[in-house]
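Participant: Below is a structure I'd like to ask you about.
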Amino acid sequence: MGLTGGIGAGKSTVAKTFIERGAYHVDADRIAREVVEPGTPGLAQLAEAFGPEIIGVDGALDRPALAARAFVDDESRKLLNSITHPLIGARTKELTDAAPADAIILHDVPLLVEGHMAPFYHLVAVVHADADVRLDRLVNLRGMDADDARSRIAAQATDEQRRAVADLWFDNSGTPDQLAAQAVAAWEERLIPLRDNVAAGTAAPLPTDVRDYDPEWALVGQRVVGRIWALLGANASAVTHVGPTAVVGQAAEPVVDIEATVADLAVADSVSDALAGGGFPRVASSDVERLHVSADPGRAVRVHVRPSAH
Ligand code: ADP
């Protein structure tokens with residue numbers, strides 16, 4: 001699962017709740033620090049690019065000195081990212097690959113939305129608090145400079161952009177306990193069943209009652225289209241939201257249908273395991289399609305993998 005939210009939203013509180021319940025934590029902030037620790041190749045590369053002055057007398061990265069050189073223009077910022085991003089990516093992969101098979105992996109990624117990383121997770125959890133609440137907490141509880149906090153908030157994704165990728169939305173306008181209770185409920189009702197269903201290759205049950213049109217169907221459609229692209233890659237030639245829930249304004253059974261077009265049924269079979277591992281086990285096969293259904297009890301989705309009409 002990817003966990004994100006604006007600075008000061010309450011990610012640490014939610015992460016703590018998940019970790020207490022046994023989540024395997026891959027901590028983006030910590031990795032970002034680790035790859036430039038004293039004596040690392042990462043720090044040496046930074047010194048080569050930005051000058052030896054960015055290393056303090058204690059041998060550690062002097063962050064203000066680096067910021068003064070790396071945040072002056074786009075060119076320098078890109079140079080900084082071209083050094084740190086691959087190192088962070090490699091370390092993240094290493095830690096993720098080392099997780100036990102049945103682990104629920106928690107990636108705490110502050111810039112998940114900005115980095116367009118949502119499709120790479122089974123679930124994206126977003127912690128939300130209004131910007132003025134975050135500002136107040138950052139300044140009064142974390143002792144951050146008000147202007148600094150304001151400019152960081154302004155530089156990040158908007159609430160609307162975060163809402164668009166959120167499979168789980170945690171409202172942190174109340175108390176920390178209320179926030180933790182939402183995380184516990186998500187853990188028990190979504191994450192554990194999803195993990196168990198993926199391990200067993202079983203789909204979550206689909207609702208069969210007809211409901212009024214819900215604009216959320218279009219958002220789920222968009223998210224799942226992105227997710228299926230991430231799982232199928234070049235094996236698919238098109239991935240689209242189809243069926244009754246794709247018709248704006250129309251009542252329907254609340255099951256989002258996604259059509260993934262592949263070359264032929266052999267390709268459809270070859271991607272079966274990738275879809276199953278990604279949260280969409282196969283439930284049926286016919287002459288015209290391979291049918292996959294979401295393993296997440298909170299997301300009713302059918303994925304129809306169909307050969308393109310020749
Ligand atoms: P993030 O990790 O998303 O940047 P934090 O979890 O560190 O945010 O929260 C920011 C600050 O606000 C911290 O000092 C935290 O203790 C405090 N905080 C978080 N949630 C609440 C809440 N519901 N009520 C009051 N303070 C909170």
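Participant: Restricting attention to segment 87-130, which residues are surrounded by 14 or more Cβ atoms within 10 Å (Cβ to Cβ) and basic (Lys, Arg)?
Facilitator: Across segment 87-130, the qualifying residue is only Arg91.
Participant: Spot the failing condition for Val133; the list is (1) crowded, with 16+ Cβ neighbours inside 10 Å; (2) farther than 23 Å from Ile31 by Cα, and only one is missed.
Facilitator: Among (1) crowded, with 16+ Cβ neighbours inside 10 Å; (2) farther than 23 Å from Ile31 by Cα, the lone unmet condition for Val133 is (1).
Participant: When you go through Ala204, Ala200 one by one, which is the residue that is at pLDDT 95 or above, surrounded by fewer than 15 Cβ atoms within 10 Å (Cβ to Cβ) and aliphatic (A, V, I, L, M)?
Facilitator: Ala200
Participant: A further question on this structure: List the strands (runs of 3 or more DSSP E) that sit entirely inside segment 89-172 and contain at least 2 residues that are among the aliphatic types (A, V, I, L, M) and within 12 Å of the ligand (Cβ to nearest atom).
Facilitator: Numbers: elements: 105-108, 124-128, 168-171.
It comes to 124-128.
Participant: Another question about this same structure. Could you say whether any residue in segment 27-44 is under 30 Å from Ile104 (Cβ atoms), outside any helix (DSSP H, G or I) and within 16 Å of the ligand (Cβ to nearest atom)?
Facilitator: Checking segment 27-44: at least one residue is under 30 Å from Ile104 (Cβ atoms), outside any helix (DSSP H, G or I) and within 16 Å of the ligand (Cβ to nearest atom).
Participant: OK, next. Could you list, in sequence order, all residues of segment 215-258 that are in a strand (DSSP E or B), touching a Gly at 6+ places or on another chain (Cβ under 8 Å) and closer than 13 Å to Val305 by Cα?
Facilitator: Answer for segment 215-258, where residues must be in a strand (DSSP E or B), touching a Gly at 6+ places or on another chain (Cβ under 8 Å) and closer than 13 Å to Val305 by Cα: His241, Asp257, Ile258.
Participant: Taking the stated definitions as given, is Phe71 in contact (Cβ under 8 Å) with a residue 12 or more places away in the chain and in the same structural domain as Ala131 (by TED's automatic domain parsing)?
Facilitator: It is false that Phe71 is in contact (Cβ under 8 Å) with a residue 12 or more places away in the chain and in the same structural domain as Ala131 (by TED's automatic domain parsing).
Participant: Continuing with the same structure: Search segment 261-290 for residues that are in the same structural domain as Asn235 (by TED's automatic domain parsing) and pair each with any residue that is exposed (fewer than 14 other Cβ atoms within 10 Å of the Cβ) and among the aliphatic types (A, V, I, L, M) when their beta-carbon atoms are under 6 Å apart and the residues are at least 6 apart or on different chains.
Facilitator: Pairs found: Thr261/Ala238.
Participant: So, in segment 1-26, of the ones that are hydroxyl-bearing (Ser, Thr, Tyr) and either part of a loop (DSSP other than H, G, I, E, B) or at pLDDT 95 or above (or both), which residue ends up nearest to the chain's Cα centre (by Cα)?
Facilitator: Step one: of segment 1-26, the residues hydroxyl-bearing (Ser, Thr, Tyr) are 4, 12-13, 17, 24.
Among the residues that remain, those that are also either part of a loop (DSSP other than H, G, I, E, B) or at pLDDT 95 or above (or both) are: 4, 17, 24.
Details: Thr4: 7, Thr17: 18, Tyr24: 15 Å.
The qualifying residue nearest to the chain's Cα centre (by Cα) is Thr4.
The values are calculated or read from the model by the stated rules, or taken from the named source; none is laboratory data. As the structure is a computational prediction, the values presented were derived from the model and not from experiment. All Cβ positions, even for glycine, are placed from backbone atoms using ideal geometry, and neighbour counts span all protein chains on display.
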